[in-house]
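J.: First the structure, then my questions, so here it is.
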Amino acid sequence: MSQIEEAEVPSKDECVIAMLAHVLMIFSWFWAPLIIYFAKRDSRFVAFHALQALYWQLIAFCGGVVCFVAFIVVMITTTFASAGAQAPSQKLTPKDCRRILVMRLMGGWVLNMGMGRR
């Protein structure tokens, strides 16, 4: 007998639970796959798919953190660059930089809320 014939075929219930591990990520972030993984560890098929869903959430979370850090770095560097370009003859204080950064963040929030110029 070959290994293909010896492979365990998952039941219909296992297929549905494995699918739920992926679908429920939309609504419950990583909690549903984690609960499904611990509840159905005896099924290799369900545990495999629950772990895949958890790994996907981990990758998405790390990508979000990287994007957030890049956003903050860009905001701070452009704030200092534009503050220095606006008043090259005056000495730029940290208070001025904070003020410009806050104004940029407030402007982004206003545009996000749909209250910007038309």
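The values are calculated or read from the model by the stated rules, or taken from the named source; none is laboratory data. These numbers come from a predicted model, not from an experiment. In this analysis, Cβ positions are derived from the backbone assuming ideal geometry, glycine residues included, and neighbour counts consider all displayed protein chains.
J.: How many residues does segment 46-63 hold that are hydrophobic (A, V, I, L, M, F, W, C) and either touching a residue at least 40 places away in the same chain (Cβ under 8 Å) or under 13 Å from residue 20 (Cβ atoms) (or both)?
T.: As a first pass, look at segment 46-63 and keep what is hydrophobic (A, V, I, L, M, F, W, C): 46-48, 50-51, 53-54, 56, 58-62.
Checking the rest, the ones that are also either touching a residue at least 40 places away in the same chain (Cβ under 8 Å) or under 13 Å from residue 20 (Cβ atoms) (or both) come to 46, 50, 53.
The qualifying residues number 3.
Yes/no per residue for (1) at pLDDT below 80; (2) surrounded by 11 or more Cβ atoms within 10 Å (Cβ to Cβ); (3) not small (Gly, Ala, Ser):
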position: 47; (1), (2), (3): no, yes, no
position: 64; (1), (2), (3): no, no, no
position: 77; (1), (2), (3): no, no, yes
position: 102; (1), (2), (3): no, yes, yes
position: 115; (1), (2), (3): yes, no, yes
